[in-house]
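What follows is one structure encoded as structure tokens, with my remarks underneath.
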Amino acid sequence: MLKRLSLLTLAFTFFSAGAAPQKKPAEQNDRIVLEQILTQTYQPSQVGKQLMGIGGETDIRRAGTIVVIQRPGLFGSLLHTEPASSAIDGVQYKLFRGHQDYEVPAGERYYVTAIAVGSDTVLVALISARGISTQAGTGRMWTTLSFKFPASVLATADKETVFREFDQWFMPEGHATSSAFSAPPAAPAITASPAATPQPIAATRPAAPRDSTLAPGMTREQILQVMGTPERDIHFDPREWMIYPGFVAVLKDNKLESFETSGAGGAKVAVQSDPAGAEIYLDENLVGSTPSILVVAPGKHAFRLHAAGRADWSRQVNVLAGSDITLTAILDKN
């Protein structure tokens, strides 16, 4: 983990070279706010070994946002110390560092692992959601993108411009389309005050829906217009759970059925296996690898674990709000 952070810092320093040595406090504050907005929208996953050195370098310890690559031109590296790093300026791209072990196609799924905002660049670190076989070996792919922006965009926390640039290259799973680059639902309206001290982004978003904001029968699109992109979005037909800080909106057949504001909407599900490193599928969506702790919306869910050379393990679980669940799987050899 320290090596990855050091590499991200190195790349951050490299792309910030040439900037003015000192920044106005208001500009610094707005960049911090922008970084908080991006981190809230694209929640980074925790990757690497657990305490006592258990696990591997590419284990997903806590699953965050999965994004779908929208256009070709990127590369992946098997080495986390030398990720395939590309400079992005609009639709122009250039690989400037790292291995080209894998040419990333449109539609490939990645976890976001880190986001950093500099004076004129935004760095996004990614790791592939699956192990990929190449001539250089098999494993998850490490990719880093450095987006170039006018300094004024980042100094004023112009999130809409940043989102539009991101959308050309990747979009959150569920909103992505690898054949058309349509914009995702609008992000929550957050105004950055130049003189104010930045607050945690969760504090700027509504803690719970107001009666005049959400109403039963609203469509998913209407909820997105009001509340912005949820932290998690889980489907189990015909229901959907849109998880926001402090509440969960429950939809049936794409219409708001109810919402919970108790703060205990999500449940923690610890998933482990013998052997470790199995892929975890929640309702047939890849969400990480064992061992992991997931935050899951209430309701009935299908869990499936898959590992090469082993029989799949499946369970149907009725998840109760606020509960803690542990799933342990013994994966038999085929």
Among the residues of the range 194-212, is there at least one that is part of a loop (DSSP other than H, G, I, E, B) and either closer than 25 Å to S314 by Cα or at pLDDT 65 or above (or both)?
no
Just to be sure I understand the filter: pairs with C-beta atoms under 8 Å, separated by 6 or more residues or on different chains, first member in the range 129-147 and open to solvent by 10 Å² or more (accessible area, probe 1.4 Å), second member basic (K, R) and part of a strand (DSSP E or B). Which pairs pass?
R130/R109
Take the residues of the range 272-298 that are open to solvent by 10 Å² or more (accessible area, probe 1.4 Å) and modelled with pLDDT under 80: which is nearest to T326 (Cα to Cα)?
I293
Sole miss for V68 among (1) buried (at least 20 other Cβ atoms within 10 Å of the Cβ); (2) closer than 17 Å to E173 by Cβ is condition (1)
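Results for (1) among the hydroxyl-bearing types (S, T, Y); (2) modelled with pLDDT of 90 or more; (3) under 19 Å from the mean Cα position of the chain (by Cα), shown as yes or no for each residue.
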position	(1), (2), (3)
A11	no, no, no
T41	yes, no, yes
S45	yes, no, yes
T58	yes, no, yes
G76	no, yes, yes
Restricting the search to the range 74-95, which residues are in contact (Cβ under 8 Å) with a residue 24 or more places away in the chain and either under 20 Å from Q168 (Cβ atoms) or of a type in the set (F, W, Y) (or both)?
L74, F75, G76, A84, S85, S86, A87, I88, D89, G90, V91
For the range 60-74, which residues satisfy the criterion of being over 19 Å from the mean Cα position of the chain (by Cα) and small (G, A, S)?
G73
Residues of the range 97-113 being open to solvent by less than 50 Å² (accessible area, probe 1.4 Å), more than 19 Å from T41 (Cα to Cα) and assigned to a strand (DSSP E or B), which ones?
Y102, V104
If the requirement is being at pLDDT 90 or above and closer than 26 Å to G277 by Cα, which of these qualifies: A87, A136, A114, A63?
A114
Go through (1) in a strand (DSSP E or B); (2) modelled with pLDDT under 80 for S262 and report which single condition fails.
(1)
So, in the range 82-96, of the ones that are in a loop (DSSP other than H, G, I, E, B) and open to solvent by 60 Å² or more (accessible area, probe 1.4 Å), which residue ends up farthest from K148 (Cα to Cα)?
E82
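The values are calculated or read from the model by the stated rules, or taken from the named source; none is laboratory data. Every value quoted in this text rests on a predicted model; they were computed, and no experiment measured them. Cβ sites come from the backbone with ideal geometry, for glycine too, and all protein chains shown count toward neighbours. Quick note on the areas: whole protein, heavy atoms, side chains included, nothing else; ligands and nucleic acids left out. Shrake-Rupley method; radii C 1.70, N 1.55, O 1.52, S 1.80 Å.
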